[in-house]
Structure formats: C-alpha cells, structure tokens
Amino acid sequence: MKFQTSRILIPCCVLVLTGCVGCNSTPSQDQRQRDEKTREEAAKATERIKPELKEAGKELGEAARQAADDAKAAAQGVKDGWNRDHPHPLDLNSASESDLTTLPGISKTDARKIIRGRPYRSKDELVTKGILSSEDYEKIRDYITTE
C-alpha cells in the first residue's frame, strides 16, 4: 500500500489530508475522517485562544468600570461646584431627601440614613450615630444645622 500525505497550514488549524492508494475505503469514510480531523483541530485552536479571550473580556470590563467611576466623579465635581456657595444651611431635622442630596458627597442612600436618624440635637451626631463617616461629615458640616 502507498500513502500520499500533504499538509496545508490554515490560521488556527492544521488540516492533514491523506489519501490511501490501493485501499478499499469509500469516499464517504475519507470525508468523515477529514471532517472529524477538522472539528478536532478547530476545537484545539479554540482551546488555545480561550484564555486570551477571557483576559480581553476582563480588561474590557475593567475599562468600563473605570469609565463609569470617572463619569461619577465628574458628576460629583459638578454637583460640589454648584453647591459651594450654598445660600443657607440645611436643617438636618426638616430637610427633604432631595435637599440633602444637594450637599457635597451625599447620595440618596446617605440622605435616607440622615432622615431615619432624626431627630438630631447637634450636627456632629451624624458621625456619633454612625450615619456618616468623619470624612463625609467634614464635607458638609458648613452646610448643615440642627435648628
């Protein structure tokens, strides 16, 4: 028996084409063997690039998170700049949620915590009651009161 073999390189796959001279194999068997070999090589190629695709996905996700954080910081900067010359201090015991969210660094969640912690005898109770951190309190202390 004589075997003829030729190799053709295709990106991501190596196809091995073998023809048997003098055997009784049918063309459909040869085709099935070639198809199986092609599937096997494609599966191997996919396995090889899978880690790179996963890493690219992680990098894309991180870039998206960073862009979202940057946008949030820019929006907070605009809000802080707008509120710098706050016309009058807000009363912690009567200010609405939307009024409280105009304060530098105060989110809706923070505003709801402030409202749930009422009444306040002094504004520093925001820290002593654990409503805000010292850092967050320092940002707003000049804009609030407890009348």
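Just so it is clear, none of the values below were taken in a lab; they were calculated from the coordinates. Note that the structure is predicted; figures quoted are calculated from it, not measured. A quick note on method: Cβ atoms are made from the backbone with ideal geometry, for glycine too, and the neighbour counts reach across all protein chains shown.
Given the options A67, A45, G117, identify the residue whose Cα lies farthest towards the positive end of the charge dipole of the stretch 37-137 (+1 on Cβ of Lys, Arg; -1 on Cβ of Asp, Glu).
Selected residue: A45.
Amide H of L90: which non-local residues (sequence gap of 5 or more, or other chain) have their own amide H closer than 5 Å, using H built in the peptide plane?
For L90, whose amide H was placed from the backbone, the distant partners under 5 Å are I144, T145.
Near L126, within a Cβ-to-Cβ distance under 10 Å, what is the net charge of the other residues, with Lys and Arg +1 and Asp and Glu -1?
Around L126, the surrounding residues sum to 0.
Considering only Cα-Cα distances, which of the following residue pairs are longer than 24 Å: K79/K113; K108/K139; K72/K139; K108/K129; K72/K129; K113/K139? If you can, show how the numbers build up before the last one.
Working: K79/K113 20 Å; K108/K139 16 Å; K72/K139 17 Å; K108/K129 18 Å; K72/K129 27 Å; K113/K139 17 Å.
Over 24 Å Cα-Cα: K72/K129.
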